[in-house]
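Input: a single structure, listed below in structure tokens.
The values are calculated or read from the model by the stated rules, or taken from the named source; none is laboratory data. Computed from a predicted structure; not experimentally measured. Every residue, glycine among them, receives a Cβ derived from its backbone with ideal geometry; neighbour counts consider all protein chains shown. When the accessible area is computed, the model is the full protein with side chains, heavy atoms only, and any ligands, DNA or RNA have been set aside. Shrake-Rupley method; radii C 1.70, N 1.55, O 1.52, S 1.80 Å.
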Amino acid sequence: MVIGMRWTRLALLGALSVALVAVACKPNLDETVSIVTETRFLAVQAVPAEGAPSASVTFTALVVDGNGPVANPPIAWDFCDARNPLANLGPVSPECQDPGDANLVPLGSGPQASGTVPAIACRQFGPEVPEVVGNETPGRPVDPDPTGGYYQPVSLFLPGSSGVIASSYGTRISCGLAEGSSDQANDYLARYHLNVNPAVASLVDLASGGAPVAADAAGSSATNVVAKGQSLQLEVAWATCPLTDTCGDGICGADESLASCPGDCTTPEGCAGAERYVNFDLGSQSLVDSREGIHVSWFATGGSFGLDRTGNDGTDATTTSDNTWQAPGASGTVHLWVVLHDDRGGIGWGAYTLQVQ
């Protein structure tokens with residue numbers, strides 16, 4: 001989500017000169033190559049997956065290389081508060097690419113970083129009219145994505161032996177409804193519930209009768225033995241989210257609010273799958289219920305996948321997605337990752353260790 005983020009290896013130009021790749025408006029990983037051979041960012045997850053300005057958020061990066069997960073990567077994290085100038089054809093302001101720029105707000109270092117969403121996020125990257133600074137040309141509000149979302153850029157730097165790996169991610173910000181009437185805006189505010197990250201519920205091999213593939217636990221690897229050259233029909237599953245709202249089911253759904261279902265919505269609980277959410281339809285100028293699609297990116301340090309990406313759109317009620325993986329012809333350890341992305345920028349993943357014999 002997918003996840004959002006691009007990465008590239010950059011040459012070091014000097015101790016104080018590091019270039020950033022362009023920050024995406026929404027998670028947008030370089031996911032065209034599923035086999036990992038060098039250090040890469042595969043995903044960044046924000047918890048919570050969506051937050052209002054000044055809300056607390058924690059980011060976690062999934063960093064891997066050809067040997068598996070990278071332990072304790074010394075990532076430098078920043079928010080970038082610079083708006084993209086109208087004349088710039090790139091996705092973000094060039095100021096976001098300057099590590100010394102005053103618009104970068106340091107978040108921390110390491111595999112995780114925590115902070116608060118900038119108070120000006122909805123003005124800089126959302127539907128509010130941006131503040132005019134000096135003699136700059138007045139800007140216009142940012143258009144939402146098809147799910148009604150807006151995204152605050154986050155920049156990441158990871159030093160490497162031959163350069164710096166730079167990455168970017170867009171964390172979803174809650175800015176309310178820009179279109180429609182005041183009544184619609186109030187209805188939207190009552191019925192819209194913040195996104196929840198998807199989570200991998202299980203991974204099984206259909207070719208072995210649905211045998212489970214054991215996931216790695218924090219700090220330890222599971223052992224899944226496969227034969228050299230063996231073909232696995234992998235099926236990843238995620239949570240089944242309600243297609244209709246029932247007060248008392250523990251999920252605060254798209255047609256429920258604090259007034260209509262206080263039991264579910266006093267402390268709203270989401271669902272770690274394809275959630276339903278309220279959105280504004282430009283064609284009908286009305287609020288409609290939408291449902292997230294779940295998109296899957298597959299990565300491994302060896303072997304080969306049938307597809308780099310699979311998944312379902314929001315009209316598909318299926319809560320699984322399949323892909324083939326063929327083990328390499330040589331013995332050894334293969335690390336595999338399954339990354340889930342929902343349409344509102346949420347991210348989740350599972351990690352697996354396969355012993356090829």
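Under unit Cβ charges (Lys, Arg +1; Asp, Glu -1), what dipole magnitude, rounded to 20 debye, does the chain have relative to its Cα centre? The partial results should precede the final answer.
Values: 14 positive and 37 negative charges, 216 e Å.
Using Cβ point charges on Lys, Arg, Asp and Glu, the chain gives about 1040 debye.
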Rounded to a whole %, the carbon-and-sulfur portion of the accessible area of the chain at a 1.4 Å probe is 53 percent
Rg in Å to one decimal, and Dmax rounded to a whole Å, for region 164-241 via C-alpha atoms: 21.2, 63
On alpha carbon coordinates alone, what is the Rg over Rh value for region 272-330, Rh being the Kirkwood radius? 1.21
Among region 197-222, those whose backbone N falls under 16 Å of a label point 7 Å along Cα→Cβ from Thr319 are 197-204
Region 119-155: GluC sites (Glu not before Pro) falling in loop per DSSP and having at most 12 other Cβ within 10 Å: Glu131, Glu136
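How much of the DSSP beta bridge set in region 178-324 is antiparallel, as a percent to the nearest 5? If you can, show how the numbers build up before the last one.
Numbers: 23 of 24 bridges.
Bridges in region 178-324 that DSSP calls antiparallel: roughly 95 percent.
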Which of Ser208, Ala227, Ser155, positive extreme of dipole for the chain (C-beta unit charges): Ala227
What ratio of Cα Rg to 2.2 N^0.38 Å holds for region 223-312? 1.57
Inverting the mean 1/r over all pairs of different Cα atoms, compute the Kirkwood radius of region 86-187 and quote it in Å. 15.9 Å
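Given axes a ≥ b ≥ c from the Cα gyration tensor, I'd like to know whether region 46-93 is rounded (a/c under 1.5), prolate (a/b larger than b/c) or oblate. Don't skip to the end; give the middle numbers.
Values: a/c = 2.97, a/b = 1.48, b/c = 2.01.
Since a/c reaches 1.5 but b/c is at least a/b, the shape of region 46-93 is classed as oblate.
Hey, can you find the accessible area per residue of the chain for me, probe 1.4 Å, expressed in square angstrom?
On the way: 15400 Å² over 357 residues.
Value returned for the chain: 43 Å² of accessible area per residue.
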Over all viewing directions the Cα convex hull of region 251-295 casts an average projected area in nm² of 3.8 nm²
Tell me the label-point distance for the pair Ser304, Val33, using the 7 Å Cα-to-Cβ offset, in nm and rounded to one decimal. 1.7 nm
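Which values, in whole Å and largest first, are the semi-axes of the equivalent ellipsoid of the chain obtained as the square root of 5 times each eigenvalue of the Cα gyration tensor? Don't skip to the end; give the middle numbers.
On the way: eigenvalues 233, 167, 48 Å².
Taking √(5λ) for each Cα gyration eigenvalue gives 34, 29, 15 Å.
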Can you say what percent of the DSSP beta bridges in the chain, counting only those with both residues inside, are antiparallel? Round to 5. 90 percent
Those residues of region 265-287 whose amide nitrogen sits under 20 Å from the label point placed on Asp143, 7 Å along Cα→Cβ: 279-287
CD proxy, 222 nm, the chain: helix-only mean residue ellipticity via -39,500 (n - 2.57) per DSSP H run with n ≥ 4, per residue, nearest 500, stands at -1000 deg cm²/dmol
So for R0 = 25 Å, FRET eff. of Leu258-Ser109 from the Cβ-Cβ r, to 0.05, ends up at 0.05
